[in-house]
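Chemist: Can you read through this structure? Questions will come right after.
The values are calculated or read from the model by the stated rules, or taken from the named source; none is laboratory data. Just so it is clear, the structure is predicted and the values come from calculations on it, not from any experiment. Here the Cβ positions follow ideal geometry from the backbone for every residue, glycine too, while neighbour counts run over all protein chains shown.
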Amino acid sequence: MANDLHTIQWFPGHMAKTRRLIAENLRHVNLVAEIVDARIPASSRNPEIDALVGEKPRLLLLNKSDLADEAATRRWIEWYRGQGIPAIAIDAKNGRGLGQFKPAVLAALEGYLQRRREKGMTGHQIRVMVVGVPNVGKSSFINRIAGGKRAKVEDRPGVTRGKQWIKIDEDLELLDMPGILWPKFDDPAVGEKLAFTGAIKDDVMDMEYIAMKLLDILSAQYPEALASRYKLDSEALAACADGFAVLQLIGRKRGMLISGGEIDTERAAIMLVDEYRGQKIGRFTLETPPRAEGAQ
């Protein structure tokens, strides 16, 4: 079983192309809206985007907020706003929070729009580039806000391969960009969190390792939820030395056995990760703002 993500280099050719597309199209937009996963608001941000976007006005959308801890999401929004980046919580699947989007865009561009009004310039169409790592819900967001299936949606990373312009209304147009990750994961914990949420394709990951690392976090921070979901004895859960021992405990409880009574930890791992992603265990945010716990 793999013991880290240092060997994972996730930067196929279409992602290099996306980086070029972003750089080439910045001059055509007024603002960049970056979508992140509310469960991992730091790890699901691509540090390359900061360098690419530069001084262009920004808006951060914490998507999948229905899967995250609500109080933690509020803390993250406050923290990002404190860093000078406007942020809102949304849930693209059910449309929650999307009514905040256009007002937030207009607020972020108020200085620019005011200068245009002072010059007597009106009727300008606002163009917003939508970026983010794979599988954070960019296409779902655009389809919801556009009121129809304007962008291809599929529940796997890397579906949107080319840029797409989508007209939202008479004065707002979005540019949807393919998902982009960074060339390597210098911090293996970042790669792990992206794998938990499905931003990295499962077929390039060791699912037992990913489940083990996820259980390291959940058993430490949310033991009651784990015990409740899998009907585990609290003392037995507390006695587990690591996430792999918890995985074995869950596999045995679910009857996932193979010949000789050995636990099928691979099957248990796939089940555990699927149930985490499907919110069957609970609503968890896996990281907190740097101000609250030190830099991440």
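Chemist: Determine, yes or no, whether Leu172 is surrounded by 14 or more Cβ atoms within 10 Å (Cβ to Cβ) and modelled with pLDDT of 85 or more.
Modeler: yes
Residue by residue, here is whether (1) more than 16 Å from the chain's Cα centre (by Cα); (2) of a type in the set (A, V, I, L, M, F, W, C); (3) crowded, with 19+ Cβ neighbours inside 10 Å; (4) not assigned by TED's automatic domain parsing to the domain that holds Arg96 holds:
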site: Arg27; (1), (2), (3), (4): yes, no, no, no
site: Leu31; (1), (2), (3), (4): yes, yes, yes, no
site: Pro41; (1), (2), (3), (4): no, no, yes, no
site: Ser44; (1), (2), (3), (4): no, no, yes, no
site: Glu48; (1), (2), (3), (4): no, no, no, no
site: Glu55; (1), (2), (3), (4): yes, no, no, no
site: Ile77; (1), (2), (3), (4): no, yes, yes, no
site: Gln83; (1), (2), (3), (4): yes, no, no, no
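Chemist: Where in region 68-124 are there helices (runs of 4 or more DSSP H), lying fully within it, with 3 or more residues that are modelled with pLDDT of 95 or more?
Modeler: Correct list: 70-82, 101-108.
Chemist: Taking Lys149 as meeting all but one of (1) more than 19 Å from the chain's Cα centre (by Cα); (2) modelled with pLDDT under 85; (3) more than 26 Å from Gly278 (Cβ to Cβ), write down the number of the exception.
Modeler: Going through the list (1) more than 19 Å from the chain's Cα centre (by Cα); (2) modelled with pLDDT under 85; (3) more than 26 Å from Gly278 (Cβ to Cβ), Lys149 breaks only (3).
Chemist: Follow-up question, since we're still on this one. If I go through region 30-59 residue by residue, how many of them are closer than 18 Å to Ser139 by Cβ and either in a loop (DSSP other than H, G, I, E, B) or modelled with pLDDT of 90 or more (or both)?
Modeler: Number satisfying all stated conditions: 10.
Chemist: Is it the case, given these coordinates, that Gly243 is surrounded by 17 or more Cβ atoms within 10 Å (Cβ to Cβ) and either over 23 Å from the mean Cα position of the chain (by Cα) or not assigned by TED's automatic domain parsing to the domain that holds Asp37 (or both)?
Modeler: Spelling it out, Gly243 is indeed surrounded by 17 or more Cβ atoms within 10 Å (Cβ to Cβ) and either over 23 Å from the mean Cα position of the chain (by Cα) or not assigned by TED's automatic domain parsing to the domain that holds Asp37 (or both).
Chemist: Output yes when any residue across region 280-288 is within 28 Å of Lys201 (Cβ to Cβ) and free of Cβ contacts under 8 Å to residues at least 12 places away in the same chain, and no when none is. Before you say what the answer is, go through the steps one by one.
Modeler: The initial filter retains those residues of region 280-288 that are within 28 Å of Lys201 (Cβ to Cβ), namely 280-288.
Still in the running and free of Cβ contacts under 8 Å to residues at least 12 places away in the same chain: none.
Scanning region 280-288 turns up no residue that is within 28 Å of Lys201 (Cβ to Cβ) and free of Cβ contacts under 8 Å to residues at least 12 places away in the same chain.
Chemist: Provide a single number: the residues in region 203-234 that are touching a residue at least 60 places away in the same chain (Cβ under 8 Å) and surrounded by fewer than 16 Cβ atoms within 10 Å (Cβ to Cβ).
Modeler: So the count comes out to 2.
Chemist: Is it true that Ala189 is in contact with a helix residue (DSSP H, G or I) (Cβ under 6 Å, 6 or more places away or on another chain) and more than 19 Å from Asp69 (Cα to Cα)?
Modeler: So Ala189 fails the test.
Chemist: Additional query: Among the numbered criteria (1) within 28 Å of Gln125 (Cβ to Cβ); (2) buried (at least 16 other Cβ atoms within 10 Å of the Cβ), which one does Leu67 miss?
Modeler: (1)
Chemist: Look through Leu257, Leu194 and report the one residue that is in contact (Cβ under 8 Å) with a residue 60 or more places away in the chain, of a type in the set (A, V, I, L, M, F, W, C), touching a strand residue (DSSP E or B) at 6+ places or on another chain (Cβ under 9 Å) and not assigned by TED's automatic domain parsing to the domain that holds Ala33.
Modeler: Leu194
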